[in-house]
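Note sheet for the following structure.
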Amino acid sequence: MTLPSSKASRSSDFAYQEHILEGVSRTFALTIPQLPDPLRDVVGNAYLLCRITDTIEDEPALTALQKQAFSERFVEVVAGREEAGPFARELGASLSSSTTESERDLVANSDRVIRITRRFSPAQQSVLERCVRIMSRGMAEFQRNQTPDGLHDLPHLDRYCYHVAGVVGEMLTELFCDYSPEIKERREDLLALSVSFGQGLQMTNILKDVWDDHRRGACWLPRDVFLKAGFELGSLTAEHGHPGMVEGVLELVAIARGHLANALSFILLIPRRETAIRRHCLWALGMAVLTLRRIHATPRFREGQEVKISRRSVWAVAVVTSALVRSNLALKGLFNVFTRSLPRPAVEMRVCPHT
């Protein structure tokens with residue numbers, strides 16, 4: 001039996017989304033399928049929209065003005081005010097070999113991703129559009145001011161993390177609330193923690209990727225933290241392990257640990273019976289905790305691969321957290337055991353009201 005063309009197209013688009021997700025992110029290709037069916041497609045689509053935004057901002061062949069122009073056009077595409085095809089062709093022609101083959105493929109098939117976006121409810125589409133808009137405009141601002149000397153200070157880091165990750169936490173919260181009336185009853189508390197959740201994951205990635213970013217002429221570390229320890233980020237090199245550099249890294253590990261504690265609080269607010277949503281969040285949290293432990297144990301690392309967790313560790317996170325997914329007490333105990341060796345932040349991480 002042959003499917004009608006519209007159904008065949010829908011099936012093909014969703015198959016492409018699942019396929020390309022594995023190409024652009026092994027981590028999210030692992031965690032997103034854990035979500036319940038009604039959320040799996042929309043969260044997968046949201047990630048791909050964010051990935052297209054990332055691809056624009058990470059492309060070294062584009063000037064800051066070109067990045068801003070493409071980002072603004074993509075916001076219009078997601079909002080339904082511009083066609084995806086011309087945007088994809090023009091952006092694709094501007095990408096260099098620095099962009100991976102999977103990312104180029106994703107850009108080339110932007111129209112398929114957007115066709116899926118259009119199948120979601122108006123409320124879901126609005127949530128996705130808001131995330132892409134805030135992320136695109138924030139990224140464009142930070143890319144214009146990108147420097148190997150780092151960000152000004154911790155508040156500047158907070159702002160950067162909000163635009164690249166905190167807003168994703170807000171988006172997921174709104175999608176979870178749209179899916180479940182019971183979760184929606186806890187919306188305000190979840191939103192207050194969601195930005196911190198995103199920041200904990202992002203800070204872990206910033207620390208892990210510091211040398212990859214440095215080679216691209218970028219640095220997302222806060223200067224004030226390192227100056228306090230007697231180290232200037234402008235002199236950052238992989239050839240020496242300045243004590244001030246190590247001290248600054250360990251302070252950021254402590255701050256990231258505080259945000260990850262808020263991430264656990266976020267997860268524990270999700271009703272216990274929503275095991276699929278809890279599992280999706282727990283796997284991301286667990287992988288971040290293990291990565292942070294490796295950074296803390298090896299603060300003088302010189303390559304991201306040195307602190308990257310193994311596949312065996314990833315599966316251990318999946319097995320253990322899945323077994324304990326319904327027990328708040330056990331999850332708190334597990335978090336405390338695995339973060340016991342990490343430094344604690346000087347002050348409790350504040351939670352942010354949504355904006």
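The values are calculated or read from the model by the stated rules, or taken from the named source; none is laboratory data. What you see is a predicted model, and the numbers here were worked out from it, not measured in a lab. To get the accessible areas, we keep the full protein, side chains included, count just its heavy atoms, and leave off ligands, DNA and RNA. Shrake-Rupley method; radii C 1.70, N 1.55, O 1.52, S 1.80 Å.
Would you calculate the convex hull of the Cα atoms in the stretch 65-161 and tell me its volume per residue in Å³?
112
Taking the Cα atoms of the stretch 252-355, what is the range of coordinates along each of the three principal axes, in descending order and whole Å?
43, 34, 27
Kirkwood hydrodynamic radius (Cα pairs, Å) of the stretch 186-239? Can you show the working numbers first?
Working: mean 1/r = 0.0765 Å⁻¹.
Every distinct Cα pair counted, the radius reaches 13.1 Å.
Under a cut-off of 26 Å between alpha-carbon atoms, report the lysines in cross-link reach of Lys184, not counting same-chain residues fewer than 8 places apart.
Partners found: Lys332.
Please give the per residue accessible area of the chain, computed with a probe of 1.4 Å over protein heavy atoms only, in Å². All intermediate terms of the calculation are to be shown ahead of the outcome.
Numbers: 16180 Å² over 355 residues.
In whole numbers, the chain has 46 Å² accessible per residue.
I want to verify the translational diffusion coefficient of the stretch 150-252 in µm²/s; compute it with Stokes-Einstein, Rh as the Kirkwood radius over Cα pairs, at 37 °C and 0.692 mPa s. Mind showing how you got there, number by number?
Values: Rh = 15.0 Å.
The calculation lands on 219 µm²/s.
Kirkwood hydrodynamic radius, the stretch 35-114, all distinct C-alpha pairs: what's the number in Å? Don't skip to the end; give the middle numbers.
Values: mean 1/r = 0.0776 Å⁻¹.
Averaging 1/r across every pair of different Cα atoms and inverting gives 12.9 Å.
Please find, in a Gaussian network model of the chain (springs between Cα atoms separated by less than 10 Å), the residue of Gln125, Gln34, Gln305 whose mean-square fluctuation is greatest.
It is Gln305.
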